[in-house]
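These notes are about the structure you will find just below.
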Amino acid sequence: MKTIQKVLLALAVVGSMSVVSADGAGTFKKCTACHGAKAEKKALGKSAIIQGWKADKVVTALKGYKDGTYGGAMKGVMKGQVLHLSDADIEAVAAYIETLK
């Protein structure tokens, strides 16, 4: 691969990573009312605290809520929250949640 192609590829990867972070943070703003600004709360006093979850665990949960295969007490509430999210939105918000401490 030529040097210019390598540089362009590297810039594309870095650029897409920053977009994912920004989108994830923006998407998570809707979640803060129940989960807290840093995902430190039990949503409505019933859910697990999601702060500290790895992105793959968040993705599994959100996709499961979306298709109805995941969840306990909050299953119905969360389905409505994630129904409109694309796979890219889910990946982005999951990556963002993983960073919260």
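For the reader, a short list of remarks on this structure follows.
- Residues 83, 62, sorted so that the one with the fewest Cβ neighbours within 10 Å comes first: 83, 62
- Checking every one of the trypsin sites (Lys or Arg not before Pro) in the range 21-62 against DSSP loop status and a limit of 16 other Cβ atoms within 10 Å picks out 38, 42, 46, 54.
- Per-pair calculated FRET efficiency, R0 = 25 Å: residue 48 and residue 88 via Cβ, rounded to 0.05: 0.55
- A simple spin-label model places the labels of residue 69 and residue 38 3.4 nm from each other, with each point 7 Å out along Cα-to-Cβ.
- Along the range 95-101 the Karplus relation, 6.51 cos²θ - 1.76 cosθ + 1.60 evaluated at θ = phi - 60°, assigns HN-Hα couplings of 4, 5, 4, 4, 7, 6, 9 Hz to successive residues, with x for each Gly and Pro.
Read-outs: derived from the displayed coordinates by stated rules, not from any lab. Note that this is a predicted model, so its numbers are computed, not measured. As a convention, Cβ positions derive from the backbone with ideal geometry for all residues, glycine included, and neighbour counts pool all protein chains shown.
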